[in-house]
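First comes the structure, then the notes that go with it.
Just so it is clear, none of the values below were taken in a lab; they were calculated from the coordinates. Note that the coordinates shown come from a computational prediction; the quantities given were computed from them, not determined experimentally. FYI the Cβ positions are ideal-geometry reconstructions off the backbone, even for glycines, and counts take in every protein chain you see.
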Amino acid sequence: MKPTTLSQLRQWKQEKHKFATITAYDASFAQLFAEQGISVMLIGDSLGMVVQGQDSTLPVTVEEIAYHTRCVRRGAPHALLLADLPFMSYATPEQAFESAAVLMRAGGNMVKLEGGGWLCDTVRMLTERAVPVCGHLGLTPQSVNIFGGYKVQGRDEVAANQLIKDAMMLEEAGAQLLVLECVPVDLARRVTEELSIPVIGIGAGNVTDGQILVMHDAFGITGGHTPKFAKDFLSEAGDIRSAVRLYVDQVAQGVYPGEEHSFK
Ligand code: KIV
């Protein structure tokens, strides 16, 4: 089996083949996801909430992401693994480099960081030192205390234009992938068309190149609040393997996310 690479993702964008990705935190699920056709996984700092039971992603450490990255790598040796740089682990380019080195040594293929233009020096520094970078714009959960909650971003023209500018600056600085979270569909479409790198959406409609879900949201384990963009594939499909397959197929067909999962 061949490892999944970033050039494969760029090819999928060109071919307009919509691809499904998912968060993974352990070897067993990582193996199951790979067997059902998911070859890109994120070791997200969402693990603070869905694995550790914290009320935000802020307490997560680099060592914790590294531990889960090692677990996922054992289960999915050929997958492209994105490892999240947690809160305050990339406040300066130098700190980002130290943190990224830990995650790459743990088995990551690229790191993901949250924020816009202010990160360009960091993105440049990492990329020049052989660490591929995925940006993350829109609702960036590490900024929950700035946003005052988990709210849809980029709703007015000024915010939307700023987000597009940030996305272009990140690409220009060397980012090779972008996650776009909880933004209106029209804005997601503009960003996806504007960038030549693949854009992966969550709560951004079916117009992005790929989709990502926190695995618990795909299985209906949402612990009270269910985000609008989440879909319980498990209850529709009946078992976990079929649920993952259904997610992959519905993303490829553009059926998921539907209008009911998207923001206008
Ligand atoms: O941490 C995470 O799981 C994420 C996804 C929601 C994209 O950043």
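Below are the figures for this structure:
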quantity: The chain, relative contact order [Cα under 8 Å, separation at least 6], %; calculated: 18 percent
quantity: Within the chain, helix-based [θ] at 222 nm, where runs of 4 or more DSSP H residues each add -39,500 (n - 2.57), nearest 500; calculated: -12500 deg cm²/dmol
quantity: Viscosity 1.306 mPa s, temperature 10 °C, Stokes-Einstein D of the stretch 1-118 from Kirkwood C-alpha radius, µm²/s; calculated: 109 µm²/s
quantity: Distance from the stretch 62-95 to the stretch 167-193 (C-alpha centre basis), Å; calculated: 22 Å
quantity: The chain: DSSP helices with Cα axial extent of at least 15 Å and average Kyte-Doolittle hydropathy no lower than -0.5; calculated: 93-105, 157-173, 240-253
quantity: Extension gain, GLU260 back to THR92 (0.36 nm per residue minus Cα-Cα distance, nm); calculated: 56.5 nm
quantity: Label-point gap, in nm, between GLU15 and GLU128 - each point 7 angstrom along Cα→Cβ; calculated: 3.5 nm
quantity: Relative contact order (%) - criterion: Cα under 8 Å, at least six apart; region: the stretch 5-59; calculated: 26 percent
quantity: Kirkwood estimate for the stretch 161-236, i.e. one over the average of 1/r between Cα atoms, Å; calculated: 13.2 Å
quantity: Rounded if a/c under 1.5, otherwise prolate or oblate - the chain, Cα gyration tensor axes; calculated: rounded
quantity: Computed FRET value (nearest 0.05) for SER235 with LYS2, which takes r as the C-beta separation and R₀ as 30 Å; calculated: 0.30
quantity: Max mean-square fluctuation residue, GNM over the chain, Cα-Cα springs under 10 Å, options ALA237, ALA66, ALA173; calculated: ALA237
quantity: Number of Lys pairs (Cα under 21 Å; 8 or more positions apart or on different chains) in the chain; calculated: 17
quantity: Label-point separation, GLU157 to LEU58 (7 Å along Cα→Cβ), nm; calculated: 3.5 nm
quantity: The chain: most fluctuating residue of GLY53, GLY201, GLY254 per GNM, C-alpha cutoff 10 Å; calculated: GLY53
quantity: Global form of the stretch 127-264, assessed from the alpha-carbon gyration tensor, a/c cut-off 1.5; calculated: prolate
quantity: Among HIS136, HIS78, HIS225, residue whose mean-square fluctuation peaks in a GNM of the chain (springs only between Cα atoms under 10 Å); calculated: HIS225
quantity: Percent RCO, i.e. relative contact order, over the stretch 1-132, from Cα pairs under 8 Å lying at least 6 residues apart; calculated: 23 percent
